[in-house]
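Following: one structure in structure tokens, then a few remarks.
Throughout, read-outs are computed from the coordinates displayed, never taken from laboratory work. Only a predicted model underlies this, so the values are computations on that prediction, with no experimental measurement involved. Because the Cβ atoms are built from the backbone with ideal geometry, glycine has one as well, and the counts that use them run over all protein chains shown.
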Amino acid sequence: MDNFLAYPHEQKPPSEQKGEFQSMAKFRRALRREDQEILDDLFRSAVKHWPLQSLADHTTPLEFMLLTMLLEQEKAIERLRIQISKLTGSPIHPPFP
């Protein structure tokens, strides 16, 4: 069950989160420097939510990490929408109704 991609029946404690992210180290090193920085930002955003992982015990650590990254990205997109709306004076609508 130490494999990062294996479905864990027991969730790892938050203190082991570093090991989960270290399992992606080879992939990270293969990326260009600017992509590494973006990935690091995504990892940092996921770490904020790590204490909540036990509440999503049906997910693997990878699934949980990706879900929290998507959550943080969506929050960033919404902040940008609000800024654009304030600057332009018109609401931003999604491209498709």
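Ordered by the count of other Cβ atoms within 10 Å of each Cβ, fewest first, Met65, Met24 give Met24, Met65. Among Asp41, Asp57, a tally of other beta-carbon atoms within 10 Å of each Cβ gives an order, fewest to most, of Asp57, Asp41.
Mean sequence separation of contacting Cα pairs (under 8 Å, at least six apart), scaled by the length of the stretch 14-88, corresponds to a relative contact order of 29 percent. All C-alpha to C-alpha distances of the stretch 14-88, sorted into 10 Å bins beginning at zero, yield P(r) values of 17, 43, 27, 11, 2 percent in whole numbers.
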